[in-house]
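Notes follow once the structure below has been shown.
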Amino acid sequence: MHTSILSFRARADVALADPTLKVAIDRTTGTAERKRAAALAAFPQFDAARDRGKRIKDHVIEHFDHYLLEFERNAIASGAEVHWASSADEASRIVVDLCRNAQAKRVTRVKSMLGEEIGLPHALDAAGIERVETDLAEHIVQLGGDRPSHIVWPSMHRTREQVSEMFKQSHRVPHREETIEAMVDSARRELRDKFLSADVSISGANFLIADTGATCTVTNEGNAELTTSPPRVHIVTAGIEKLVPSLPHAFALLRLLVRSATGADVTQYTTFHCGPKKPGDLDGPEEFHIVLVDNGRTKMLAEAGLRDMLRCLRCGACMNHCVVFRQMGGHAYGGTYPGPMGAVLTPVFDGLEKSRDLPHACTLNGKCQEVCPVDIPLPTLLRGWRDRSWREGLEPAAMRFGMGVFTFVASRPWLYRLQTAVAVRVLRLFSRGGWIRSMPGLGPWAEYRDFPAPEGRTFMARYTSGEGRRK
């Protein structure tokens, strides 16, 4: 998985200093939050559906071997070829080899975070195969030469004004009116002939249906169907955690996925692919390949503290509601998956030593678990990484010293109360205009946000005196 060479702090500084990025993030995540709330208000069965979804995923996790073999058997029976990849590099190599065997010059690709995880865009480019991203947001990402910043809206870091300028510079027939509809039409004109002239199509899968061997894609633009139908070869890359026992189980999870991701009841397009074109079919691929990717998933399965993450539907709700993500966006996280889910997954893919900052980039307010459609205990998993980082000696010496001082003070109530009482007075002393900026040690914390001065006594002092208690 590609990870930025910059440190997390450096990436966060760049993001926080960009006011345009903040505008773009607020536009998208604010809309997503409101639409999800409205969708759940109109779906009173959500809690029961959520519980069922959790039980479906836990059942599959408990019987992983059975459903993997069942899916492989039924996929082969449908005419598909199944390939197994234990790592990201192996998965990309399999896909590139299949493209070369097909003598592909042009490949169209449907948005897939699994593809990003295994480094597939880079692998195709390095092999000299023309890669065409057909999702509108991924098309924007490709034109900009950057990477997705969100798993549902990959180009959310771009404002519509930036996209307009990009299209005018890159499209053969750019839009004339400054409307979203005109920009979408411009993208359609740019991509249409590429859909029809591709040799190979590559997609991901939202679900792998064990009892039929079918794969399921969920989109809102129709680009998946245009991508996967005309070419003679279709390649699906999917993480093994996408398994579900049957079609009814897939639909049960779709009710959760769509509402959590976009706030809709259903997506515009939910398509099932089951093997290559059959005799009499008017369209469809002549070859159908499925690449099943492990890349750390069986490692998560073996560790009780991480296996809950295998329930993830990749809806993005956790990051849409994350106060940290909404301040700095997805690129600051450095890996493929941003937000709370990325803070749990990136240490699995890249190792904790390289990504120990991510589990600390969290307030642990619990909002991510609250909105997760399959009730993944993300705060608990993040605390688990923090605990492991401490036990493995990965925390900086300054952090270990600071925690030692805090432990010494907090374990002595009289000293803790004395220190907090003094701190309240010191904070007032350094406050300027009602906000603290110049107090030693608060520079990095207050560089991009204000720190309010305390309004009264400490909580313990107020509690002991009875202040604020109900009568």
Scoring only Lys, Arg, Asp and Glu (+1, +1, -1, -1) among other residues with Cβ under 15 Å from the Cβ of His321 yields +2
If one compares the long axis through the Cα atoms of helix 19-41 with the longest principal axis of the Cα atoms of the chain, the angle in degrees, nearest 10, works out at 80
Options (i) 182; (ii) 243; (iii) 154 are given for volume of the Cα convex hull per residue in Å³, and the computed one is (i)
Taking the dipole of the chain about the Cα centre (Lys, Arg +1; Asp, Glu -1; charges at Cβ), the one of Cys216, Met460, Leu282 that reaches farthest to the positive side is Met460
Heavy-atom accessible area of the range 365-404 with neighbours in place, 1.4 angstrom probe: carbon+sulfur share in percent works out to 57
quick shape note, the range 5-138: Cα extents on principal axes in Å, largest first -> 46, 41, 29
Length gained if Val323 through Leu6 is fully extended, taking 0.36 nm per residue and subtracting the Cα-Cα distance, is 111.9 nm
At 4 °C and 1.567 mPa s, the Stokes-Einstein diffusion coefficient in µm²/s for the range 139-255, with hydrodynamic radius from the Kirkwood sum on alpha carbon pairs, is 79
For the range 152-253 the trypsin sites (Lys or Arg not before Pro) that pass both the DSSP coil test and the at-most-14 other-Cβ-within-10 Å test are Arg172, Arg176
The answer for the longest stretch of the chain without any exposed GluC sites (Glu not before Pro) (DSSP loop, at most 14 further Cβ atoms within 10 Å) is 1-176
Cα-Cα pairs in the range 1-81 separated by more than 18 Å, as a whole percent of all pairs, come to 73
Cα-Cα pairs in the range 329-370 separated by more than 13 Å, as a whole percent of all pairs, come to 47
Between Asp58 and Lys299, the two model label points (7 Å from Cα along the beta-carbon direction) sit apart by a distance in nm of 2.6
In whole percent, the fraction of accessible protein surface over the range 81-120 that belongs to carbon or sulfur atoms, probe radius 1.4 Å, stands at 43
Summing -39500 (n - 2.57) over every DSSP H run of at least 4 in the chain, dividing by its residue total and rounding to the nearest 500, the 222 nm mean residue ellipticity is -15500 deg cm²/dmol
With every protein chain in place, the accessible area of Asp65 for a 1.4 Å probe, in Å² rounded to the nearest 10, comes to 110
With a Förster distance of 56 angstrom and the Cβ-Cβ distance between Leu415 and Lys35, calculated FRET efficiency to the nearest 0.05 equals 0.70
With the label point 7 Å along the Cα-to-beta-carbon line of Glu81 and a cut-off under 11 Å to each amide N, the hits in the range 255-295 are 287-290
Nearest-0.05 FRET efficiency for Leu364 and Asp193 at R0 = 56 Å, using Cβ-Cβ distance, is 0.65
Taking 0.36 nm per residue of separation between Glu286 and Asp65 and subtracting their Cα-Cα distance, the length gained on full extension comes to 76.6 nm
For the range 209-295, the charge dipole (Cβ of Lys, Arg +1; Cβ of Asp, Glu -1; about the Cα centre) points to a positive end, and the Cα of Thr227, Ala264, Leu247 closest to that extreme belongs to Ala264
In nm, the gap between the two label points placed 7 Å beyond Cα toward Cβ at Lys354 and Tyr269 is 3.4
To the nearest 20 debye, the chain has a Cα-centred charge dipole, built from +1 on Lys and Arg Cβ and -1 on Asp and Glu Cβ, of 2300
Note: Asp146 to Asp125 extended length (0.36 nm per residue) minus current alpha-carbon separation gives 6.2 nm
Each label sits 7 Å from Cα toward the beta-carbon; between Asp97 and Ser465 the label points are separated, in nm, by 7.5
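The values are calculated or read from the model by the stated rules, or taken from the named source; none is laboratory data. Just so it is clear, the structure is predicted and the values come from calculations on it, not from any experiment. FYI the Cβ positions are ideal-geometry reconstructions off the backbone, even for glycines, and counts take in every protein chain you see. Calculation scope for accessible area: heavy atoms of the full protein, side chains included, ligands and nucleic acids excluded. Shrake-Rupley method; radii C 1.70, N 1.55, O 1.52, S 1.80 Å.
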